[in-house]
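These notes are about the structure you will find just below.
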Amino acid sequence: MELNTWLFRLKQQNTDIYNVSELVNLIHHPPSSLWENHQYQAVASWLEGCLKLSHYFEDLGHHQLAYQYIQMAYARLQRIAVDPHS
């Protein structure tokens, strides 16, 4: 999927009304170009999606799954910090 299309769909999910399965799919399958060329707005939207999913699963009592979304975001930030071109 093209980055602009992915970002548009993700921004739709980062509203008050969203489809959890669609958001999970977008978070787990971002386009590879997301991590290239300093796509800060797109990365910020991806991080927001991770946080939204973490809150969603925490509210359901799925604490381990909620924590995994925080860890996934943290791991990606670490990777970007170590190698900004990855």
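Read-outs: derived from the displayed coordinates by stated rules, not from any lab. Please read these numbers as outputs of a predicted model, since none were measured by experiment. Heads up, the Cβs are rebuilt from the backbone with ideal geometry, glycines too, and the neighbour counts pull from every protein chain shown.
Size descriptors for the chain: radius of gyration and Dmax over Cα atoms are 12.7, 37 Å. Each peptide in 43-54, 59-70 gets a packing score, the mean of other Cβ atoms within 10 Å over its residues, and the list from highest to lowest is 43-54, 59-70. Each stretch of four or more DSSP H residues adds -39500 (n - 2.57); spread over every residue of the chain, this sum gives -23000 deg cm²/dmol at 222 nm.
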